[in-house]
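Here the structure is laid out as structure tokens; the discussion comes afterwards.
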Amino acid sequence: MSHQWARRRLPRAGAAGCAALLLALFVPLTGCAPTNSTPARYPGVQRMLDARARAVQRRDAAGFLATVDPRATGYRDRQRTMFAHLAGVPLAEWHYELDATGAFPLAAGETDARLAAKVQLRYRFRGYDTSPVHAVQYLTLTRRDGRWLISSDTDGAAAGKSGTRQLWDQGPVRLVRGRYSLVLGDAAHLARLKDLAHRVDRAVPKVSAAWKGKWSRKVVVEAPDSVERMAQLMGSDDASGYAGIAAVTTGEAGVSTPAPADRVIVNPEAYEELNDLGRTVVLTHETTHVATRTATTTATPLWLSEGFADWVAYRDSHRKPAATAPELTRAVARGTVPARLPADADFGFKAGADRLAKAYEGSWLACRMIAGKWGEDRLIAFYRAAGRSALGVSSGRAGAPMEAASAAAAGSPTAARAAGPGHRPPARADRADRALRTQLGIGIAEFTRLWRAYVTAQLRR
């Protein structure tokens, strides 16, 4: 990935408060596009990929293995095992498409009978996905007896082209179905899968009651058995970038159907460090991002998107603001009231834990103030208006992580959260100002003045 995530020390579940670190990212997972020959030159490759997809859909193991190079014995054995892991997965759709060739370097002298292919996999879960997940595979294709076969999916790793692994590539898959959730994960951790399904099932009605917009009310959670495997699901071989992150929501923001389906991917190591409230907050926050995806665009300020998700997560909480926003409370007690609303830079890992916590706590209080002063319906209207001002430009890309949740410094319920810089269009502040004036009747300067007074009044109680 092009963006680096800093490592953070995790709190213990027994520490005061919860622990949720939210990271807004809008970065591609697949690196630079191949520049070599076009897929149209190799129609036989696409025919092979189509046959492979039909074999998966028909649960035809022999047909699936017929697309694998018989001389690649190790890869063939892994593919046979992977196909068996798919047995219980409720597939409604499965397709491959040759995207490009020349996707990574091949060994010298092997280019005539071999192709370095970038392949797009699209699949959909029956009963949960209205549109498919998009995943990238980097495959070595070998021509034997006039047919193209797959002989490896690891040759591109040295060039940083590992592709996106799926749960069934990693091991046996256990499914837990909830009323609104589908949780897939390691068969050895059934209790964790049930806990995730239970919390998402509780989160969906809560999010729907707050958001009131139309959305699928279905959430798919993937729970690998290690942070290393979480990184693989994100298309990375570097697990250190995900240490401390409890969950990641992937999808494509600002795009209505057909857009890639959302997935909440959990880091078991960080998730286990959270206490009960922390787990609930993380999953409710993630569910909110799933619900609001189509209304979130490049024009949506990070303080609004992250603050709104926290507002939903804490909407029914009876905790005092000072308990929910401890870092900002300590700053106010010292006489240091933020001079402005949180900026994108305040959500970066390099900003430091205190600054991150105050950014998210301040964002939550901003949304809480709007709901209290103008009403919840006006808060939602403002959220939608802020996103519409992007004039249809999407803030995400297929397969990119939209948001991540991670454990943060002990004692911080809203916690320290971080965001990558992402791509933001010019004059975004002007767009937010326009949305504020349209929906709340005041500009950003007056809103900031009211917010500073609100923060002081709420946290000095």
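The values are calculated or read from the model by the stated rules, or taken from the named source; none is laboratory data. Please read all numbers here as calculations on a predicted model, not as lab measurements. With ideal geometry, Cβ positions are generated from the backbone for all residues, glycine too; neighbour counts draw on all protein chains shown. These area figures cover heavy atoms from the full protein model, side chains too; ligands, DNA and RNA do not enter into them. Shrake-Rupley method; radii C 1.70, N 1.55, O 1.52, S 1.80 Å.
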Quiz item: Within the stretch 252-278, which residues are modelled with pLDDT of 85 or more, surrounded by fewer than 24 Cβ atoms within 10 Å (Cβ to Cβ) and touching a helix residue (DSSP H, G or I) at 6+ places or on another chain (Cβ under 6 Å)?
Solution: Glu269
Quiz item: With (1) open to solvent by 30 Å² or more (accessible area, probe 1.4 Å); (2) of a type in the set (Gly, Ala, Ser); (3) at pLDDT below 85 as the list, and Ser216 as the residue in question, which single condition is left unmet?
Solution: (3)
Practice problem: Only strands (runs of 3 or more DSSP E) wholly contained in the stretch 136-243 count here; list those with 3 or more residues that are over 28 Å from Pro39 (Cβ atoms). | Solution: 173-177, 181-186, 219-223
Practice problem: With the condition kept exactly as written, say whether any residue in the stretch 156-178 is touching a Lys or Arg at 6+ places or on another chain (Cβ under 6 Å) and more than 30 Å from Val290 (Cβ to Cβ). | Solution: no
Quiz item: If we keep just the residues of the stretch 125-135 that are part of a strand (DSSP E or B) and open to solvent by less than 10 Å² (accessible area, probe 1.4 Å), which is farthest from Met48 (Cα to Cα)?
Solution: Phe125
Exercise. May I ask you to list the residues in the stretch 451-461 that are open to solvent by 40 Å² or more (accessible area, probe 1.4 Å) and touching a residue at least 12 places away in the same chain (Cβ under 8 Å)?
Key: Arg452, Tyr454, Arg460, Arg461
Quiz item: Which residue pairs have Cβ atoms closer than 8 Å, lie 6 or more positions apart in sequence or on different chains, and pair a first residue in the stretch 318-331 that is of a type outside the set (Val, Ile, Thr) with a second residue that is open to solvent by 40 Å² or more (accessible area, probe 1.4 Å) and modelled with pLDDT of 95 or more?
Solution: Pro321/Arg368
Practice problem: Could you grab me the full set of residues in the stretch 134-183 that are among the aromatic types (Phe, Trp, Tyr) and under 27 Å from Val264 (Cα atoms)? | Solution: Tyr138, Trp168, Tyr180
Quiz item: Conditions: (1) touching a strand residue (DSSP E or B) at 6+ places or on another chain (Cβ under 7 Å); (2) open to solvent by 20 Å² or more (accessible area, probe 1.4 Å). Gly163 meets all but one. Number of the miss?
Solution: (2)
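To keep it simple, each residue is scored yes or no on (1) open to solvent by less than 20 Å² (accessible area, probe 1.4 Å); (2) acidic (Asp, Glu); (3) touching a His at 6+ places or on another chain (Cβ under 7 Å); (4) not in a loop (DSSP other than H, G, I, E, B).
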| residue | (1), (2), (3), (4) |
| --- | --- |
| Glu306 | yes, yes, no, yes |
| Asp310 | yes, yes, yes, yes |
| Arg319 | no, no, no, no |
| Val337 | no, no, no, no |
| Asp354 | no, yes, no, yes |
Exercise. Name the one entry in Phe104, Phe64 that is among the aromatic types (Phe, Trp, Tyr), part of a loop (DSSP other than H, G, I, E, B) and surrounded by 15 or more Cβ atoms within 10 Å (Cβ to Cβ).
Key: Phe104
Exercise. Please work out if Arg41 is farther than 27 Å from Arg174 by Cα, open to solvent by 70 Å² or more (accessible area, probe 1.4 Å) and not small (Gly, Ala, Ser).
Key: yes
Self-check item: In the stretch 128-159, the residues that are under 30 Å from Val176 (Cα atoms) and in contact (Cβ under 8 Å) with a residue 60 or more places away in the chain
Solution: Tyr128, Asp129, Thr130, Ser131, Pro132, Val133, His134, Ala135, Val136, Asp153
Quiz item: Mind checking which residues of the stretch 205-225 are closer than 22 Å to Asp276 by Cα and under 17 Å from the mean Cα position of the chain (by Cα)?
Solution: Val219, Val220, Val221, Glu222, Ala223, Pro224
Practice problem: Name, by its number, the condition in (1) assigned to a strand (DSSP E or B); (2) among the acidic types (Asp, Glu); (3) open to solvent by 40 Å² or more (accessible area, probe 1.4 Å) that does not hold for Asp77. | Solution: (1)
